[in-house]
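Okay, structure first, notes after.
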């Protein structure tokens, strides 16, 4: 059996190959971590417990479970029951991860989720009652439930459809078709129960192979610090600094023999200039005493 946990994202549409528009529900499926494997000999039944969704803080009891795998904390823990003769009971072990590509387009899946909560509703919205007549003489009786039973038993029978809490129930929809699988997203034809960001369980018959997920290591480029090369030629007084290997090769072809000096930092040279002043004769004063 194929199974995975996911999160409902939104409803959208996909164009099929023949150009028709298919309404689909977009679900973020996996990755799910298998945290416990139950067997018939030890627990009385075969099942796999999966964790999905990240969470910052959890209780101490759950923290002890997640520490064994060093994958962080998870928000949801759900169990999938398997038959004793299911081949996936021997293939999957604790610590394995389930991803969306285990499903393929065309699979018929069973989808489970929690429906939207509607609060306390009347019989018209909750059970689809027609309501009373809209003619004269039926004041305030348009959305009333009507009679709830005869006077003989003097009680209301169990299962009587009346007003009450609506929604927030576990709903399962069968025979939904998978239209496409794109990385971690699964597109299912039609609507699925639950609100956006709600937890979804997907189940389908068949087998799958576990995919080994290897984290991609980031590529770090190490660049060595560049060393400035100062070339001093004997024929001219100019100083050039080649920046590429091509310029250095051109400088070697010149008749003048270059002298390469490696300098890691510019050298400051202090120059002192002395100017000798000639002694001038003292000017005779024009005013004669």
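Yes or no, residue by residue, for (1) surrounded by 19 or more Cβ atoms within 10 Å (Cβ to Cβ); (2) over 23 Å from the mean Cα position of the chain (by Cα); (3) in contact (Cβ under 8 Å) with a residue 12 or more places away in the chain:
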position: 21; (1), (2), (3): no, yes, no
position: 29; (1), (2), (3): yes, no, yes
position: 34; (1), (2), (3): yes, no, yes
position: 37; (1), (2), (3): no, yes, yes
position: 41; (1), (2), (3): no, yes, no
position: 48; (1), (2), (3): yes, yes, yes
position: 51; (1), (2), (3): yes, no, yes
position: 57; (1), (2), (3): no, no, yes
position: 61; (1), (2), (3): no, yes, no
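Consider residue 72 against the criteria (1) in contact with a helix residue (DSSP H, G or I) (Cβ under 9 Å, 6 or more places away or on another chain); (2) over 23 Å from residue 198 (Cβ atoms); (3) assigned to a loop (DSSP other than H, G, I, E, B); (4) in the same structural domain as residue 11 (by TED's automatic domain parsing): it satisfies all of them except one. Which criterion is unmet? Every listed condition holds for residue 72 apart from (2).
Of all the listed residues (113, 106, 122), the sole one being in contact (Cβ under 8 Å) with a residue 60 or more places away in the chain, crowded, with 16+ Cβ neighbours inside 10 Å and either closer than 30 Å to residue 17 by Cβ or more than 20 Å from the chain's Cα centre (by Cα) (or both) is 113.
Among the residues of the range 145-196, the one identified as surrounded by 15 or more Cβ atoms within 10 Å (Cβ to Cβ) and out of contact with any strand residue (DSSP E or B) (no Cβ under 9 Å at 6 or more places or on another chain) is 145. Among the residues of this structure, residue 210 counts as one that is modelled with pLDDT under 90, closer than 27 Å to residue 111 by Cβ and either in the same structural domain as residue 28 (by TED's automatic domain parsing) or surrounded by 15 or more Cβ atoms within 10 Å (Cβ to Cβ) (or both). Scoring residue 81 on the criteria (1) assigned to a strand (DSSP E or B); (2) out of contact with any helix residue (DSSP H, G or I) (no Cβ under 7 Å at 6 or more places or on another chain); (3) crowded, with 16+ Cβ neighbours inside 10 Å leaves a single failure, condition (3).
The values are calculated or read from the model by the stated rules, or taken from the named source; none is laboratory data. Keep in mind the model is a prediction, meaning the values are calculated, not measured. Methodologically, a virtual Cβ is constructed for each residue, glycine included, from the backbone with ideal geometry; neighbour enumeration extends over all protein chains shown.
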